[in-house]
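Reviewing the structure listed below.
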Amino acid sequence: MQKHPITKYKSYPSIQLPDRRWPDKTIEAAPRWCSVDLRDGNQALPVPMTIDEKLELFDLLVQVGFKEIEIGFPSASDTEFNFARRLIDENRIPADVSVQVLVQCREHLIRRTFEAIHGAPSAIVHFYNSVNPLQRRITFNKSSEEIKAIAVEGAQLVRTLAKEVPSTQKIRFEYSPESFSDTELEFSLDVCEAVCDVFQPTPENPIILNLPATVELFTPNLHADQIEWMCRNLSRRNSVIVSLHTHNDRGTGVAATELGILAGADRVEGTLFGNGERTGNLDIVTVALNMYTQGIDPQLNFSDIGHIRAVYERCTRMDVHDRHPYGGDLVFTAFSGSHQDAIKKGMDARAATGDRDSDSHPWEVPYLPIDPADIGRSYQAIIRINSQSGKGGVAYILERAYGIEMPKLMHPEFGTVATSIADDHSAELTGAQIREAFTQEYLKRTNPLELLDYDITRDHSEKHFTSITAQIKNESTTLTINGQGNGPIAAFVNALDNAGLKSFQVLDYSQKAISKGSAAEAVSFIQIERSDDQQRFWGASIDANVEFGSLLALVSAYNRSQS
C-alpha cells in the first residue's frame, strides 16, 4: 500500500533558545495554585453545576488548601453573577482566600464584573482577549495593533474601576493573552508589556500574566521554551507573577506544566482531576502529588482523595476514570502475578522493620510510587485477583484481609486454585471469594477421611510417647484407630498406618495465630508427600484448639492427596 505524505498538518517550529536553562533545573517548591474548577471546569460540563453544587465544590477547594479560586464569569449569566454574590453576601470566603473572576476585554462585561465582586475582601480580576494569528484573521478580522489595543483598553478600564472600590477591598489583576501557545512570542510579549505599562506593577504589587496553552499543540519541551523565553524577556520580571494554564489536547498537560515550572513559572491554574474543555484542563491533583512523591510539600491536602473524588463526582456529574493517576479505583491495584509478588515482598519488608506506618522511613515498595495510605487509600485494594494473577497476590489478600499467612511453599498451590476459579468465571475475585475458595479447598475436606473424635494421652516417662485413640470415618466406614508417636501428629500418622491408610509422609508443619484474646484461633498447615508418585499436597485448618487444628490439617492434606 502506497503511503502518501501528510500535507494537511505541519509541525510547529522550534524556538530559538540555544542556551535554554530549564533542562538543568529541578522543581524545588510548590507553585502558587489557582483552581478554575468553578469556571473552566464548569463551562465544560454537559449539565453545568447549580449554585448549591458550586457552593459545595467551593467549600471543598478551600478545605484542600487553595488560596486562589476562580469562581466564574459573573458577567456571562445570572447564575454566575448570583453565585459570586452568594459567596460575598453570606461571608463564605475565608480571609486568606482570593476569589478570581474572569472577563473578556469588553466594557459592559468588565463593569458588570466589578458589580459582582463588590464587597469581596480579596479579588483577582482576570481579563483576557485572544491574540493568536488564527483568531486575529478568522474570528475578529483585526490587525495585530487592533488586537493589542483591545487588551490595553481593557486594562485601562479595569485599573480605573479598581480605583473606585472601597479601600477595604484588595483588588489584584491578571491578564491572559488567550491562545498564547500558538501566538508569535514577540507579539505576546508586546501585548503583555503594553498591559503592564497600564498597571505599572511593582515587586510589592505584581501583576499576574497568565500564559495559557489554550489548545495544546506541540510537545512539552516547546512549551517550556516559550515560558522561559517570556520569563527572560519581560522587562518587569520581578514585578510579574508568571502563570501557567495548560490544556490536555495532546495528553501531556501535566508534563507541559512541570516543564513550565522548570522554565520559571510561579503559578499554576488547573482543575481537580483535569475537568475542562475537550480533553480537559491541567489536573492539579496529579501535579501536586507528583511533587509530594519527590519530597516536596505541595501545600494542598489530598490526604482523603476518596472524599475529594466523591464531592467532585457528585457536583460535576463526571466520573474519575479507573486508571486516573492517584484517584482512580485501579491505580494502586496489581493483577499481574510478578507485580503482586514484588509488592507483597516490599510491604513485608517494611513491616518487618516496624516501618509500615512510619513517615520517617523512605517509601520503598516496588510498583507503588506513593504510599496509598498517604492519600487515604486502603492497602487491601492494592492487589486484586483475576486469571492473570499470581501466587503472591493471592497470599497477600489472605494475609492482609483475613490474617491467614500461608507458608511460602504453599503459595503456588493455592494461587493456582484461585486463578483457575477466576478464569472459569472470567471475572475478578473479591477478597471474600478468595477466602471462600480457601475454605472449600482446605477447611471443608471431609472425604474420604473424616476425624470424628480423638483422645490423647502422654507418657511422662523418658520416652515421652504420645498415644492417640481416634474415631474416624473412611468413606462410609467408621473406625477406631490407635497409634503412638513423639507428638499428636506423629501419633495420628502412626494410627493411620496401623489401619492401613498411610500412603504418605509428612514434610512440613506450621501454625500461626490469626486473632488475639482468650478465644484466639490459629491456622495450621501441613504438607505431605504421596508415597507412590512423590506428589506433594498441602492441608490447612483453622481452630481455637491448636492440637485439634493440627490433626484437621493433616486430614485436609490427606483428602486432597486422594482426590
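Each reported figure results from applying straightforward, stated rules to the coordinates on display, with no laboratory input. Bear in mind that the values here come from a model prediction, so they are computed numbers and not experimental data. FYI the Cβ positions are ideal-geometry reconstructions off the backbone, even for glycines, and counts take in every protein chain you see.
Ordering 137-146, 45-54 by mean Cβ neighbour count within 10 Å, with the highest value first, yields 45-54, 137-146. Summary value for the chain: 9 percent relative contact order, contacts being C-alpha pairs under 8 angstrom separated by 6+ residues. Can you match semi-axes √(5λ) of the Cα gyration tensor in Å to one of these, (i) 35, 29, 25; (ii) 70, 24, 20; (iii) 38, 28, 23, based on a calculation from the structure here? The listed entry that was calculated here is (ii). Stretching V152 away from T79 to a fully extended chain increases their span by 23.4 nm, per 0.36 nm per residue minus the current alpha-carbon distance.
Restricting attention to the chain, close to 50% of DSSP beta bridges with both partner residues there are antiparallel. Would you calculate a helix-derived [θ] at 222 nm for the chain, using -39,500 (n - 2.57) for each DSSP H run of n ≥ 4 and dividing by the full residue count, to the nearest 500? Theoretical 222 nm ellipticity from helices: -11000 deg cm²/dmol. Excluding same-chain neighbours fewer than eight residues apart, the lysines reachable from K408 by a Cα-Cα span under 21 Å are K344, K345, K391, K512.
For segment 32-316, the share of DSSP beta bridges that are antiparallel, to the nearest 5, is 5%.
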